[in-house]
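Here is the structure we will look at, set down as structure tokens.
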């Protein structure tokens, strides 16, 4: 990645917070790499190198700074729009795409060759895919060492290392000392009542109220609850279940509290929290692009920190979308509550909290269930059953692929999923920043001109070409501009009904 040394040096000299997460500086005299806001004395110009990512700095031979802690810097997806392939690969790596697979396998999922994927990573991230995965593990481990009192064996497990021995060797090679030596305060604990807390950074601004309003309107009774400024939900990974809660913290971070019996699932849980709360967004880049459109400029100015809410689970979102076809959000949510009560497993008593009692039903349970008893149209019940059966046969249906177009085609091949539903799933589950349900009635209504003329879906799609590659964010701004945005349901085609 091309980085102007003079501009980068000016950023670290002034400790410009706008560059936090956008670049990392390697200091040749100390062998560490820092955030641009590091409080340490600014090194000489000739003694520094600049890197597009923490992985690139670490692969260049630098170790993370113990003072400014690169592991808690915002993880920006600034490469989106420059390389969609890299963006999709990074999302797959974060969700464990290289844990049980190699680069060739990852590349195959993206429709490219391994050599091409490595070249794209060098160009856009400055490091190899393997280095990115390794750096993620190291930085998560370092954060857990600093911020929790977990035993080192549990830190190794929770950060994705296959063995404690490998964990110890990595830290000795990187820092010249065992991992336990990095723990500054041994009596500090953030693990209480069986819960572990970690803090995740984001780039401001962040419209927390809008995010919670969106989630509150769609919270499934027994599975999710929004209370005050926090979001809580039940979770299931493998054969284990638990609870996760999220609320804002200071210094542009969110506090994530996890109660789960298997800490090896922590990287997966963190990845899902990042996805639900869109923590990788670069609001400055997105806002600058969308503000070029006269209709969007005042909306972006009014809500500069608006994010695209993600989904915790693809099947859950697919059921939400199908249930919500041609009815209000409130009606769909009530119907989902009945589904959970009828077919969802109860949360173990030790894990239950006020308002949280059930897990969302599994695909296997729904595939065999008689959904007609919930009081919904037969065609829609059959569509949900068909979706459950399809995911049971191919769990990778909701994983990101080679392109947005390929993903939409794959989703539309499923019974009961038309264009609107496919685009909605792509927005929230696949985290496609350019997904856009152009036939949505709320979007069409928001684009009504001063003469009262509402555009047709084809006209709106044509207008949205100028919003690429951030059309999903444009959709959120248009929905938020409505008088009752959270209750809008999408306009759908006959096939979805």
Quiz item: When N counts the residues of segment 1-150, how does its alpha-carbon radius of gyration compare numerically with 2.2 N^0.38 Å, as a ratio?
Solution: 1.05
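For segment 252-360, state the semi-axes of the equivalent ellipsoid (square roots of 5 times the eigenvalues of the alpha-carbon gyration tensor), sorted largest first and rounded to whole angstrom.
Values: eigenvalues 208, 94, 25 Å².
Result for segment 252-360: semi-axes of 32, 22, 11 Å.
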Practice problem: For the chain, find the longest principal axis of its Cα atoms and tell me its angle to the long axis of helix 129-147, 0 to 90°, nearest 10. | Solution: 80
Practice problem: Quick one: work out the % antiparallel among DSSP beta bridges in the chain, nearest 5. | Solution: 90
Quiz item: For the peptides 242-253, 206-217, 411-422, what is the packing order when you average, over each peptide's residues, the other Cβ atoms within 10 Å and list the highest mean first?
Solution: 411-422, 206-217, 242-253
Practice problem: Pop a pseudo-label 7 angstrom from the Cα along the beta-carbon direction at both residue 453 and residue 393 and give the gap in nm to one decimal. | Solution: 4.7
Quiz item: Between segment 84-139 and segment 255-317, how many Å separate their Cα centres?
Solution: 21
Exercise. Within segment 354-397, which residues have the backbone N less than 12 Å from the label spot 7 Å out from residue 100 along Cα→beta-carbon, could you tell me?
Key: 395-396
Quiz item: Which percentage, to the nearest 5, of the DSSP beta bridges contained in segment 18-127 is antiparallel?
Solution: 70
Quiz item: Mind checking the angle between helix 314-323 and the chain's longest principal axis? C-alpha axes, 0 to 90 degrees, to the nearest 10.
Solution: 20
Practice problem: Please give, to one decimal in nm, the separation of the simple spin-label points placed at residue 252 and residue 345, each 7 Å out from Cα toward the Cβ. | Solution: 4.0
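Would you kindly state how much longer the chain becomes between residue 406 and residue 468 on full extension, computed as 0.36 nm times their sequence separation minus their alpha carbon distance, in nm to one decimal?
That works out to 20.6 nm of additional length.
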Self-check item: For segment 98-257: rounded, prolate or oblate by the Cα gyration tensor [a/c cutoff 1.5]
Solution: oblate
Self-check item: Bins of 10 Å from zero: percent of alpha-carbon pairs in segment 384-464
Solution: 17, 44, 25, 12, 2, 0
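What relative contact order, as a whole-number percentage, does the chain give when Cα pairs under 8 Å and 6 or more residues apart are counted?
13
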Self-check item: Alpha-carbon Debye profile of the chain, log10 I(q)/I(0) at 0.07, 0.08, 0.09 Å⁻¹
Solution: -0.38, -0.50, -0.64
Quiz item: What distance in nm separates the simple spin-label points at residue 177 and residue 3, each placed 7 Å from Cα in the Cβ direction?
Solution: 2.6
Exercise. Go ahead and estimate [θ] at 222 nm for the chain from helices alone: -39,500 (n - 2.57) per DSSP H run with n ≥ 4, summed, over the residue count, rounded to 500.
Key: -12500 deg cm²/dmol
Practice problem: Kindly express, to the nearest 10 degrees and within the range 0 to 90, the angle between helix 84-94's C-alpha long axis and the longest C-alpha principal axis of the chain. | Solution: 80
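Since every read-out is calculated from the coordinates, none of them should be taken as a lab result. Remember, it's a predicted structure, so these values are computed and weren't measured experimentally. Every residue, glycine among them, receives a Cβ derived from its backbone with ideal geometry; neighbour counts consider all protein chains shown.
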